[in-house]
1. Sort out for me the strands (runs of 3 or more DSSP E) sitting completely within the range A:86-181 that have 3 or more residues that are closer than 25 Å to residue A:287 by Cβ.
2. Can you confirm whether residue B:211 is farther than 24 Å from residue A:235 by Cα and either in contact with a strand residue (DSSP E or B) (Cβ under 6 Å, 6 or more places away or on another chain) or surrounded by fewer than 24 Cβ atoms within 10 Å (Cβ to Cβ) (or both)?
3. Given the criterion basic (Lys, Arg), modelled with pLDDT of 95 or more and closer than 25 Å to residue A:8 by Cβ, identify the matching residue among A:168, A:118.
4. Which pairs turn up if I take residues in the range B:110-122 that are more than 10 Å from chain A (Cβ to nearest Cβ) and look for partners that are assigned to a loop (DSSP other than H, G, I, E, B) and crowded, with 22+ Cβ neighbours inside 10 Å with beta carbon separation below 7 Å, at least 6 apart in sequence or on another chain?
5. Residues in the range B:340-358 that are within 14 Å of another protein chain (Cβ to nearest Cβ) and surrounded by 13 or more Cβ atoms within 10 Å (Cβ to Cβ): how many?
6. Of the residues A:91, A:6, which single one is open to solvent by less than 60 Å² (accessible area, probe 1.4 Å) and among the acidic types (Asp, Glu)?
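The values are calculated or read from the model by the stated rules, or taken from the named source; none is laboratory data. In this text, all values refer to a predicted model and were calculated from it rather than measured experimentally. Here the Cβ positions follow ideal geometry from the backbone for every residue, glycine too, while neighbour counts run over all protein chains shown. Heads up: the accessible areas ignore ligands, DNA and RNA and are worked out on the full protein's heavy atoms, side chains in. Shrake-Rupley method; radii C 1.70, N 1.55, O 1.52, S 1.80 Å.
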Amino acid sequence: MSAFVDESTRVIVQGITGGEGQFHTEQMIEYGTNVVAGAVPGRGGQEVAGVPVYDTVSGAAETEDADASVVFVPPTFAADALFEALDSPLDLVVAITEGIPTQDMTNVNKRLTEVDTRLIGPNCPGIITPGEAKLGILPGNVFESGNVGLVSRSGTLTYQVVSNLTDRGLGQTTAIGIGGDPIIGTDFVDALAAFENDPATDAVVMCGEIGGEDEEQAAAYIAENMNTPVAGFIAGRTAPPGKRMGHAGAIVSGSGTGTAESKIEALVEAGVPVGDTPEEVADSVKEML
Amino acid sequence: MRAAARFRVMRLHEYQAKEVFADAGLSVPGATLATSVDEAVTAAESVGYPVAIKAQVHVGGRGKAGGIELVESEAEVREAAESILGMELKGYEVHQALVESAVDFVDELYVGITMDRGAGRPVAMVSTRGGVDIEEVAAESPEDIFREHVDPAFGLHPYQGRRAVYGAGVTREVASDVASVLGTLYELWDARDASDAEINPLMITAEDEVVAADAVMNIDDDALFRQPDLEAMESESYADDLERKAGEYGFDYVRLEGNVGIIGNGAGLVMTTLDLVDHYGGEPANFLDIGGGAKAERVSNALDMVFADENVEAVVFNIFGGITRGDEVARGINEALENFDEIPKDVVVRLAGTNAEEGMEILNTDLVAVEGTLEDAVRRAVENAKDTEGASA
């Protein structure tokens, strides 16, 4: 079992003819992902990495019976690509693109409330069920199959924590990068709910960071709804207010919301041990299992 | 994915935001921009006394910091302009001042549009507590700000503007005009890809006129590609030369107060590295994210940046490669350091992930120290910084 993706997931790549799109399609196929089609306007009939390309997402989805799409479309055209994906018969859309205008994402966010499709991202590394499939740019060799679920706002921090887990013999059911933007599709609560409902997941790691109130909402959800134990990590304890730490969403506002202290306090109150270092997080997961 | 996310928030100056507001039909006080004392005097005469002299810099709380003066004569204009032009406000030098007709007001309101992250939707806000720091009002008495969420597909309906204005307790005489200002402000926010559009204070005169006495407009820099006229208004406003340099290199960079320089890839991991430096008793000098897929030149530029910070005593370089390749990073580090007769600061490198082993073999260990884990690398850099500090003390 796993969350959202497995070896049977049939995947379309939007933007497959671009440099990043092509490179990561090859990487995904090499990892074992079932990439069944590409979608690029005007490039229908071509083939990339042995995969047929279609002009439209719905054409690709219907002909190849696809379930999911990974979006590598540049930010200027990304919102249109997301609307197209959400208007196709897909269960899951993973948006890798960084730098989509926030107001475009507000419109996409509104559309998401009207459809059944799940969006992961944007500005995220994607999702991986080790040994089965990866949708995105995560380096497959870092991950091992196992019983720990992981959800994170940051890509490289995910790799760091996963390597600490793997060092202790702790593999993963699924790892989900939800992205560092202020407006995202799948949030911590959605991912935690999926892990809670996954019988193969025996413990969960959530890696948050400064900015917004997603971690506080996750803490409330954990306290009320979860039996699966959760370990936490919050990046940005030393971040000064008003300075954006790389991610568009990672900022402590002048009025003091979005601080690491507030998030850590909420998680600890919900019974989630929060590590000072990634190693401590992996140690607490080891103790939980 | 951009290799280099730009670390710039596109903030319009007050005078620029007021131009945008005036073009949209909002009422703003008569004003002229001045860059010298003589220009300020000429401007004051054409605008008519009394005038406000207002420093044009990208910082909040200008009034309290001495960046705004109300004056009534030529002598006072000279004095105020001399003190404001060239002054340093919270680290930023003032080169321009707005000389503006002072509004004789009876009331001050706040109106603003911003993005409510939690709701995933824009929110329109009205408060009768204008003229003060609205973030303080929000923290201390949030009930004093009336909020109306907006469906982006439809925009701010006129009834929502009315509900916000009446809900906030704006007086009947000006309610309709204030609701209209709120509607125009939302249209601007939407059309110009703003992250924030604010008028604080929105002044009400004895004649029930509604005047935007200040103007804030921040633009989403990811959307500048479709706002070319606003992008052209962008003026360089870095607090110091290092941030300017980071802008030129296209790095996400934030300067801090400590002495351990930090370079890494990915915002979350770089933040974590900062936190670990603090955890092990050191003080981070900066946040520097080289982004994904960095090649040798970028790596070398990053070292150049951190060495240029005179506070830095030691450096930790932490890479967990996904799309970034360890061998590329190692080559960049070698190239950068081989240019020095003497390495300016001790550098500790930790490489993991894609091609990390190849990278470790390539790294010239005569020039850098290598550690296998993030924790060990940070601990060693913190010790190096303390040793250097001790030696120079």
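1. A:145-152, A:172-177
2. So residue B:211 passes the test.
3. A:118
4. What qualifies is B:110/B:130.
5. 8
6. From the options A:91, A:6, the qualifying one is A:6.
Conditions (1) more than 26 Å from residue B:58 (Cβ to Cβ); (2) free of Cβ contacts under 8 Å to residues at least 24 places away in the same chain; (3) not aromatic (Phe, Trp, Tyr), marked per residue:
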| residue | (1), (2), (3) |
| --- | --- |
| B:161 | yes, no, yes |
| B:164 | yes, no, yes |
| B:195 | no, no, yes |
| B:200 | no, no, yes |
| B:204 | yes, no, yes |
| B:208 | yes, no, yes |
| B:222 | no, yes, yes |
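A quick yes/no check of all residues on (1) farther than 21 Å from residue B:203 by Cα; (2) touching a Leu at 6+ places or on another chain (Cβ under 7 Å); (3) modelled with pLDDT under 95; (4) of a type in the set (S, T, N, Q):
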site	(1), (2), (3), (4)
B:65	yes, yes, yes, no
B:71	no, no, no, no
B:77	yes, no, no, no
B:81	yes, no, no, no
B:88	yes, no, yes, no
B:91	yes, no, yes, no
B:94	yes, yes, yes, no
B:97	no, yes, no, no
B:109	no, yes, no, no
